[in-house]
Amino acid sequence: MDIIPSLANGFAVAAQPMNLLVAFIGCFVGTVIGALPGIGPVNGIAILIPLAFSLDLSPVSALILLTSVYYGSMFGGRIASILLNIPGDSSAVVTCIDGFPMAKKGRAADALAISAISSFFGGTLATVGLTVLAPSLAMAAIHFGPREYFALYVMAIIIVGGIATGNPAKTLVAGLLGLVIGTVGIDPATGIPRFTFGAYELYEGIDFVIVAIGLFAISEFLIYIEQRRTGPVEQVPVGRRTTALRRLTYPATSLRASLLGFVIGVLPGAGATLASFMGYALEKRVSDKENTFGKGDPRGVAAPEAADNAAAGGSLVPMLTLGVPGSGTTAIMLGMLVTLNVQPGPLLFQQQPDIVWGLVAALYVSNIILLILNIPLVGIFAKLLSVPPHYLMPGVVTVSFLGVYSVNQNSFDLLMMVGFGVFGYLLRKMSIPLVPVVLGIILGTPMEQSLRRALAASGGDVWTLFQSPLALGLHAVTAIIVAIAILRESRRRIGEAAATRGA
Amino acid sequence: MSDRIVGVLLALFAGWYSWEAGSYAVDFGDPMGPAFFPELLAPPLGLLGLYLVLRPDPEPEWSTGRYLLSQAATVVVLVAYALLLQPMGFILATLLMVTCLTAMLGARLPQALGGGAATSLGAFALFDWLLGIPLPPGIAFGG
């Protein structure tokens, strides 16, 4: 597969007026979603999916819209971090450490420019990585059979959902609950309705959009009520830049952090948040000679922003080439593609190159749009932060309802969404992660299909699942990661028990 | 304690889920049938439930008092909104819902009404008129 001509075709697709418009809107909306604390990329994208459906966008335009929103939210997260010292989303937490002190010293505009430039750097580098890496990975994946896919799905649900943090038993419970929710509806192989209790609304299964919006957006509102801030938050004014833009680029820092971020993004289980933390830690180790980090060092602003944008690009690689998402956000994009009858994976590169390469080209375009939106126009987004949240949050609820309503136009779906909102709130309070639930719902059907296909080929012999070296290797990796998580958890429990005895 | 309760519920649910799946057996077609996958999911779910009963995490901080009250009120408002959206129409129902929520979050009533009107009219203009996503007009605008 030749990359250059494919990419040239991709640019022809991306340059269509509709796709340019969609990319611009996506970038703008994404920056807003990222900038506002309380709406992260996952629920922002979940809310927008039904709208993409009802606008009858073509698959490539819909995908461009959502990835632009994703890239945009990575850019936007830093605005609140720098101006308010409140991260706009979880991947912008580290940006507060040096961003806010810089703003306090009257260099807010500089900090915003630095982070926009390094975000652009990270996003573009990741897109180059995607361009080079994705076709060869897709070529390798063409030999995957149902056994390998089954192993990959198991791995994705267990690892991506965040077994690395928190109680592993709860992560597994979350993944299983998602798979269970996914079994509701007519069994595609035999036509038998399962777990529908005769309600015909459930025959087509529970739409992942309803679950995702309920779990993320509605539960976020319930959490917000509890953590309500009292009194207005002080916002640092943007002001003017103190030096030329040229002097606000940190190429070495951006390159280091981007490379690290991209690799973290490609690997399953670690998303943009971890990438931003590690990017900052790496930069601190390399450059913090005079102990200036944490007091407004510009490199401390550049590094995490480059890393989290690069990770966002990297996480698209497994989603496009294997059809296995590398993060919660890409899982939701995958769900949308499947609903649009596009099955990501190695065959996509051969059968629908327009979609893949159109998307890749559009990502280059989006990065440029974002750079323009985020340097001269950053003041507009800063203004948005001064809107009090009690006007904003009900607006988010309105758009959530509107999106879910537009799918089937009935109140059954809306009630189900509210139900999942309460369910998601309870899960969050009990520190059961939400991402595995959504992954389970989205990956449940293909997982069951590949399992049944593999077993049908072997006449029902379960050991066939482990008799391919690649599948065995994948299962081994999953097993090792679970074992490490269990070990760490039991050590934590022993430590806690000792602490309570001592006290 | 919360973890223990959830653990018991999970174990009971897994038992019921497996039993219900057993009734989907068919004697034709592929050897695994529609019951196989759910029956595979139930045992680990039940065992993890039992594990949570035996080894619960520390109790989470549940909300109490007026926070719990406003959360319950929010859920009531959202359920009412879901049921009233079609008969009442988008504009009126949204106006009521947003006003209630905004007032509950601490705005004065006139401000909340303003926020409600702005949100509902703005969303209707943007999504129905501009983007062409049909929203229920309802009684307010004569259907």
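Some points to look at:
- Counting only aspartates and glutamates at least 8 places from A:K295 when in the same chain, those with an alpha carbon closer than 18 Å to its own are A:D98, A:D110, A:E283, A:E305.
- Relative to the longest principal axis of the Cα atoms of chain B, the long axis of helix B:109-123 lies at roughly 80 degrees.
- Length available on full extension from A:V286 to A:L245: 0.36 nm per residue minus the Cα-Cα distance, which gives 12.4 nm.
- Taking amide H as placed 1.01 Å from N in the peptide plane, A:R194 has its amide H under 5 Å from the amide H of A:G185, A:I186, A:D187, each at least 5 places away in sequence or on another chain.
- Computed over protein heavy atoms with a 1.4 Å probe, the carbon and sulfur contribution to the accessible area of chain A reaches 67%.
- Highest-fluctuation residue, B:V77, B:V53, B:V98 considered, GNM on chain B with Cα pairs under 10 Å: B:V53
- Average accessible surface for chain B: 52 Å² per residue, computed with a 1.4 Å probe over protein heavy atoms with every protein chain in place.
- Helical contribution to [θ] at 222 nm, DSSP H n ≥ 4, -39,500 (n - 2.57), averaged over chain B, rounded to 500: -23000 deg cm²/dmol
- Only one residue of A:S254, A:I192, A:G314 has its Cα farthest out toward the positive end of the dipole of segment A:172-320, where Lys and Arg carry +1 and Asp and Glu -1 on Cβ, and that residue is A:S254.
- Positive minus negative residues near A:G261 (Lys, Arg vs Asp, Glu; Cβ under 10 Å): -1
- Under the span-like rule (Cα at least 15 Å along the axis, Kyte-Doolittle mean at least 1.0), DSSP H helices of chain A: A:3-14, A:17-35, A:41-54, A:59-84, A:108-141, A:168-182, A:251-266, A:328-339, A:353-374, A:411-429
- Cβ-based net charge around B:S2, under 15 Å, with every Lys or Arg adding one and every Asp or Glu removing one: +1
- Distance from the C-alpha centroid of segment B:81-143 to that of segment A:118-180: 40 Å, rounded to the whole angstrom.
- If you take the Cα centroid of segment A:406-436 and the Cα centroid of segment A:254-328, the two points sit 31 Å apart.
- Each Cα pair under 8 Å and six or more residues apart adds its sequence gap; the mean of these over the residue count of segment A:3-498 is a relative contact order of 29 percent.
- Angle between chain B longest axis and helix B:33-54 axis [Cα atoms, degrees, rounded to 10]: 90
- Cα shape, segment A:353-465, gyration tensor, a/c 1.5 rule: oblate
- Rounded to the nearest 20 debye, the dipole magnitude of segment A:3-498 is 1460 debye, with +1 charges on Lys and Arg beta carbons, -1 on Asp and Glu beta carbons, and the Cα centre as origin.
- Per-residue [θ]222 nm for chain A (sum of -39500 (n - 2.57) over DSSP H runs n ≥ 4, rounded to 500): -23000 deg cm²/dmol
- Among the residues of segment B:91-126, those with an accessible-area drop of 50 Å² or more from chain alone to full protein complex, heavy atoms and 1.4 Å probe, are B:L105.
- Degrees between helix B:2-22 axis and first principal axis of chain B (Cα, 0 to 90, nearest 10): 70
- For A:G38, no residue 5 or more places off, or on another chain, has a built amide H under 5 Å of its own.
- Shape category assigned to chain B from the gyration tensor of Cα positions, a/c cut at 1.5: oblate
- Taking a ≥ b ≥ c as the square roots of the eigenvalues of the Cα gyration tensor, an a/c ratio below 1.5 marks the protein assembly as shown as rounded.
- Peptide-level mean, for A:398-409, of C-beta atoms on other protein chains within 10 Å: 5
- Residues of segment A:82-186: accessible area per residue with a 1.4 Å probe, Å²: 27
- Electrostatic tally near A:V154: other residues with Cβ closer than 13 Å to its Cβ, Lys and Arg +1, Asp and Glu -1, net -1.
The values are calculated or read from the model by the stated rules, or taken from the named source; none is laboratory data. Computed from a predicted model, the values in this text were never measured in an experiment. Note that each Cβ is placed from the backbone with ideal geometry, even for glycine, and that neighbours are counted across all protein chains shown. Protein only, heavy atoms only, side chains kept; ligands, DNA and RNA dropped before computing areas. Shrake-Rupley method; radii C 1.70, N 1.55, O 1.52, S 1.80 Å.
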